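Each remark here refers to the structure printed beneath this line.
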Amino acid sequence: MSETDKLHNLRHSLAHLLAAAVLEMYPDTKNTIGPSIEDGFYYDFEFKEPISDKDLPKIEKKMKEILKSWKQFEGIEKTEKEAKEYFSKNEYKLELIDEITGKGEKITFYTCGAFTDLCRGGHLENPSKEISSDCFKLDRVAGAYWRGNEKNKMLTRIYGLAFENKEELEKYINQREEAKKRDHKKIGKDLDLFTFSELVGSGLPLWTPKGTLIRNLLDDYVWELRKQYGYMKVEIPHITKKDLYITSGHWDKFKDELFRITTREGHEFAMKPMNCPHHTQIYARKAWSYQELPQRYANTTTCYRDEQSGELAGLSRVRSFAQDDAHVFCRMEQTKNEFLKIWDIVYDFYKVFGFKLQVRLSTHDPKYMEKYLGEEEKWQEAENILRDIIKEKKVEAIDGLGEAAFYGPKLDFMAKDSLGREWQVATIQLDMNMPERFDLSCTSEKGTKERIVMLHAAIMGSIERFMSILIEHTAGNFPLWLSPVQVKVIPVRENHNEYAKKIFNLLKENNIRAELDDKGANLGGKVRDAKNNKIPYWIVIGDKEIEANKITLESRDAGQLGQILQEELLEKFNKEIREKK
RNA sequence: GCCGUCGUAGCUUAGCGGUAAAGCACGUCAUUGGUAAUGACGAGACCAAGGGUUCGAUCCCCUUCGACGGCUCCA
């Protein structure tokens, strides 16, 4: 048995043990399913009386008690009748039994100690010997819908952490604590980057001067890359008549998520949840010759979506967010070339931050064609173009069956946050439906009308989400070019203020974002303050520096860098900023 | 939206059925101090909001708003 199987079996056995303990302590409870997961296991129950996190230690204690008597797992095959009799009072198990027999599979029961469960197997042979009582820990209580369907009853899920041994478990818990310290919500507050207001509403982030500076620098960088490829900036209003979305197909499909506005004259408007429909109308303003294509429109602009309140999370999921959006209107034969350009922009952009990107080919699911606009052949054609590109770029792509947008397939680029959660960041999408719906075309060489296609190309995706990932990725230690304050000038005593001010002005004149700390506090306090604010560099000015007409440079990442000349300082900073290190 | 936990000064927290406490940050004064906290004093909170129970509520109950962890969702 491999190590992963063994760990899986350990976790699955613990799920059984959890159910055994719960049923012993709360006999009226109905147990449902309990699989092993990435960091442990869970089991879903329907409790008569609700339980809370406070009950977990008791349950955990009971598990440890029962564990001693669990010497051997035994599996027995049962007939449908026997199985149903055993679980006659548990409608969840009855549903599972029906499902198993429906698929023509065998029904098996597994027993250990005094506990028997419907299960397909995968346990340790001797839990009492193979599971040490300190390698697992009940983690938390959460709600979960039966079978993951929100129409079904909400069950109580108990999560547990489990590893081979105590050391591994503790290591994991520590890692989680560390990750928590990098949480963008915490760092964003500490570094004064963004805030929320109860008066403005949840999911509506407000950006401070420092946070706004970073956003703008990121956006400028994307533009710097884009403009090399012939993109042009456009601008659009943030609302529209509903007619635009009726034509695009969004009104029907996403009407619940639209923020709607009724005017005093009774007309219905909506806040834009995306920009493509607006952009189509910029393209549609005139007749185009094939010679004028592609038309590439870039536009960083805020979108608004009425997300479910329970889904909101820091900057990762919000109701207003800026997309660094771009749309390319071109002929079918130009799509591959345009895709490759966007691909290069994506990789150039993410390379600078040291992100490892994972590509996902998000395609339609032929089983649910009703979810998508347009005919299936068109989807096949579009998806084949994307497959070609992946082949040409020689990367391993994740299979994203059924992950396509409703208007077309896409290449999604995923980055991981500090808690190991994967987030979609950049996306390149091929859209053959929108041009159809808005009747977008060009005149071909033959003088005939030719249907064009449209590409969606966001590099950061949403700036909010990208910021959340970047903050956690760097723990707030932004590279020099992105740091809101790049260097802090610290005079040792007040009689050094004059020289410090001179250095400060020199930095300002050279477009370096400097801060002068000439308050009366002591040196240690000022240095601490610079470190707490994760400022990349600080300069100490005292008698020694004035005498030598130099400055002492110190770095957040590299420590003491010694005394250097003013010119050397500027040269070093300019080089680092230019190279985005 | 659903399940659970939670909401006390700008921040981090303490507290209790009798209208609030500490540290940091902030202000004033003193201190002239070479790398993670100099001292004193001061200002700052109707304890998220609204109802209810009570002689009396920050504390108990209800509702709303907001946060977090899950579930569901995510163009």
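Return the tail of the calculated pair distribution for region A:486-551, meaning the percent of Cα-Cα pairs more than 14 Å apart. Cα-Cα pairs of region A:486-551 separated by over 14 Å account for 52 percent.
The relative contact order of region A:173-289, computed from alpha carbon pairs under 8 Å that lie at least 6 residues apart in sequence, is 15 percent. Centre-to-centre separation between the Cα atoms of region A:18-94 and those of region A:444-468: 51 Å. When peptides A:559-572, A:377-390 are ranked by their average number of other Cβ atoms within 10 Å per residue, the highest-first order is A:377-390, A:559-572.
Counting other Cβ atoms within 10 Å as a rough exposure proxy, the listed residues A:Asp28, A:Asp517, A:Asp98 run A:Asp28, A:Asp98, A:Asp517 from fewest neighbours to most. Here's the list of lysines a cross-link from A:Lys255 could span, going by alpha-carbon distance under 18 Å and ignoring same-chain residues fewer than 8 apart: A:Lys241, A:Lys242, A:Lys272, A:Lys371.
Most simply put, chain A has about 85% antiparallel DSSP beta bridges, counting only bridges with both residues inside it. Rounded to whole Å, the principal axis extents of the Cα atoms in region A:359-438 read 40, 27, 26, largest first. Relative contact order of chain A, taken over Cα pairs closer than 8 Å and 6 or more residues apart, is 10 percent. Note on chain A: the C-alpha convex hull projects to 35.5 nm² when averaged across all orientations. Taking every alpha-carbon pair under 8 Å whose residues sit at least 6 apart, region A:97-180 reaches a relative contact order of 20 percent. Report note on the peptides A:59-71, A:13-25, A:226-238: ranked by the mean count of other C-beta atoms within 10 Å, highest first, their order is A:13-25, A:59-71, A:226-238. Computed log10 I(q)/I(0) for region A:174-304 at 0.11, 0.14, 0.17 Å⁻¹: -0.63, -0.92, -1.11, from the Debye equation with unit scatterers placed on every C-alpha and solvent omitted. Considering all projection directions equally, how large on average is the shadow of the alpha-carbon convex hull of region A:172-244, in square nanometres? If you wrap the Cα atoms of region A:172-244 in a convex hull and average its projections, you get 9.3 nm².
Each peptide in A:331-339, A:463-471 gets a packing score, the mean of other Cβ atoms within 10 Å over its residues, and the list from highest to lowest is A:463-471, A:331-339.
Read-outs throughout are calculated quantities, based only on the coordinates presented, and are distinct from any laboratory measurement. If you're wondering where the values come from, they're calculated on a predicted model, not measured in any experiment. Note that we place each Cβ from the backbone using ideal geometry, even for glycine, and neighbour counts take in every protein chain shown.
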